[in-house]
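*Asks:* Structure provided below as structure tokens; questions to follow.
The values are calculated or read from the model by the stated rules, or taken from the named source; none is laboratory data. Note that this is a predicted model, so its numbers are computed, not measured. Heads up, the Cβs are rebuilt from the backbone with ideal geometry, glycines too, and the neighbour counts pull from every protein chain shown. The protein model used for the area step is the full one, side chains on, heavy atoms only, and it has no ligands, DNA or RNA in it. Shrake-Rupley method; radii C 1.70, N 1.55, O 1.52, S 1.80 Å.
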Amino acid sequence: MTFTRISELVRPLSPWKDWVAFCKIYRFLRLEKPDLVHTHTSKAGTLGRVAALLAGAPAIFHTFHGSVFDGYFSPAKTRLFLMIERILARFTDRVITVSDSLRKQLSDVYRIAPSGKIEVVRLGFDLTEFNSVAQSGRRWSEKKNLEPSIIGWVGRFTEIKDPLLFVELASALKAARLPAKFIMVGDGPLRHTVEENISKHGLSSDFLLTGWQRNMPQIYSGIDLLVSTSTNEGTPVTIIEAMATGCPFVAPNVGGLVDLTTGFPETREDFDIYQNGILVSRRNAESFTRAVSLLLSNSQLRERMGDVGCRFALENFGQDRLIREMESLYEKFVQSESAALQKNFNTALRKE
């Protein structure tokens, strides 16, 4: 298998780079003549599918890893992108999502494609290094009772991830005199604002901002609890990775996050307690504080959630399962297309 990088294919909208990327994708498809083109993400999915159509690709698949139709863009841009996705879906043989919740959103809320055309294939990763943290037992065995708990946050410092809410949560926890320290992994346009808010709340000595990190298993091994504050999510990789290390989580009940939970929830006033973490129904500092305080005050519950979450992540988000499911999906499609061609051929013969 060979890998071809198109450097012009970047996240921000850039008319010139997008045009160059489209031309390169089109030329590549005309040269390679693949039997099936499978695209991912919004921009690559748009450019790739249009190029595949013009290049005459026999089959086109596209995977939605999340929804960008809520909170990412202005209303006008959102309507434009919805229109584009609805049009492209008509020419896409299979639409794939990474969770049941996202499938319902795409079919029922955004009406991008009928549910019968959408398949669910969950994400899959090599979680070996992450699971080694849980297997080593060092997460809980090295923790002393008097040490403050380490609460982590991982992601881009952008409005959709709402890192400022995490700072508000930290301030509320310190005001409640709960022993905790805070680590934020990532970077982005709100980094300076986050630093200013940390200083304003007098939390500089309680925070560590690491920037982007590559050795995430080591990062998670030092975290007692992972918190997500996003306004919208698909299937966040950070929570899957954290679970694989035996780390429980607190997150808002948005997007596909409910698909990362297991067990029947115990419902409180503003959050639901699952076997592997807590989902907050009201995305504000007060609700997060109550949910996090519950776990900070109960190390046995944290450890129990961590054990359940680790097993859940390994059983549902391993790369071997992903490969098997994708191979099965491709084979099923090829078989259905072959059967359709045979039926058309037989029909043509009878007419003759």
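*Asks:* Filter segment 179-217 down to the residues that are over 26 Å from the mean Cα position of the chain (by Cα) and β-branched (Val, Ile, Thr) and list them by number.
*Replies:* The answer is Ile198, and nothing else.
*Asks:* Examine segment 45-64 for a residue that is open to solvent by 60 Å² or more (accessible area, probe 1.4 Å), under 24 Å from Ile323 (Cα atoms) and either free of Cβ contacts under 8 Å to residues at least 40 places away in the same chain or out of contact with any Cys (no Cβ under 9 Å at 6 or more places or on another chain) (or both), and state whether such a residue exists.
*Replies:* Within segment 45-64, one or more residues are open to solvent by 60 Å² or more (accessible area, probe 1.4 Å), under 24 Å from Ile323 (Cα atoms) and either free of Cβ contacts under 8 Å to residues at least 40 places away in the same chain or out of contact with any Cys (no Cβ under 9 Å at 6 or more places or on another chain) (or both).
*Asks:* Go through (1) assigned to a loop (DSSP other than H, G, I, E, B); (2) in contact with a helix residue (DSSP H, G or I) (Cβ under 8 Å, 6 or more places away or on another chain); (3) more than 26 Å from Tyr26 (Cα to Cα); (4) touching a residue at least 40 places away in the same chain (Cβ under 8 Å) and name the single condition Arg111 misses.
*Replies:* So the condition that Arg111 fails would be (4).
*Asks:* Now, a different point. Within segment 210-230, is there a residue that is farther than 30 Å from Phe73 by Cβ, hydrophobic (A, V, I, L, M, F, W, C) and out of contact with any Leu (no Cβ under 8 Å at 6 or more places or on another chain)?
*Replies:* Yes, segment 210-230 contains a residue that is farther than 30 Å from Phe73 by Cβ, hydrophobic (A, V, I, L, M, F, W, C) and out of contact with any Leu (no Cβ under 8 Å at 6 or more places or on another chain).
*Asks:* Restricting to segment 27-44, count the residues that are crowded, with 19+ Cβ neighbours inside 10 Å and polar (S, T, N, Q).
*Replies:* 2
*Asks:* Under 6 Å between Cβ atoms, at least 6 apart or on separate chains: pull out the pairs that start in segment 153-171 with a residue that is of a type in the set (Ser, Thr, Tyr) and end on any residue that is modelled with pLDDT of 95 or more.
*Replies:* That search, which allows pairs on different chains as well, returns Thr158/Gly188; Ser171/His201.
*Asks:* Further question on the same structure: So, in segment 251-281, how many residues would count as being part of a strand (DSSP E or B), open to solvent by less than 10 Å² (accessible area, probe 1.4 Å) and of a type in the set (A, V, I, L, M)?
*Replies:* 4
*Asks:* (1) surrounded by 15 or more Cβ atoms within 10 Å (Cβ to Cβ); (2) assigned to a loop (DSSP other than H, G, I, E, B): which one isn't true of Leu88, the others all being true?
*Replies:* It fails just one condition, (2).
*Asks:* If I ask for residues that are open to solvent by 60 Å² or more (accessible area, probe 1.4 Å) and closer than 14 Å to Ser228 by Cβ, which ones from segment 282-302 would you list?
*Replies:* If the condition is that a residue be open to solvent by 60 Å² or more (accessible area, probe 1.4 Å) and closer than 14 Å to Ser228 by Cβ, then Arg283 is the only one that fits.
*Asks:* OK, next. Enumerate the pairs (first residue in segment 295-323 and without any contact (Cβ under 8 Å) to a residue 60 or more places away in the chain and over 19 Å from Asp100 (Cα atoms); second residue anywhere and open to solvent by less than 30 Å² (accessible area, probe 1.4 Å) and hydrophobic (A, V, I, L, M, F, W, C)) with beta-carbon separation below 8 Å, excluding pairs fewer than 6 apart on the same chain, so at least 6 apart or on different chains.
*Replies:* Pairs that qualify, where the first residue is without any contact (Cβ under 8 Å) to a residue 60 or more places away in the chain and over 19 Å from Asp100 (Cα atoms) and the partner is open to solvent by less than 30 Å² (accessible area, probe 1.4 Å) and hydrophobic (A, V, I, L, M, F, W, C), are Leu301/Leu295; Met305/Leu295.
*Asks:* Does Leu80 satisfy being surrounded by fewer than 18 Cβ atoms within 10 Å (Cβ to Cβ), modelled with pLDDT of 95 or more and more than 22 Å from Leu257 (Cβ to Cβ)?
*Replies:* It is false that Leu80 is surrounded by fewer than 18 Cβ atoms within 10 Å (Cβ to Cβ), modelled with pLDDT of 95 or more and more than 22 Å from Leu257 (Cβ to Cβ).
*Asks:* Same structure again: Would you pick out the residues in segment 99-108 that are touching a residue at least 40 places away in the same chain (Cβ under 8 Å), surrounded by 16 or more Cβ atoms within 10 Å (Cβ to Cβ) and in contact with a strand residue (DSSP E or B) (Cβ under 7 Å, 6 or more places away or on another chain)?
*Replies:* Ser99, Leu102, Leu106
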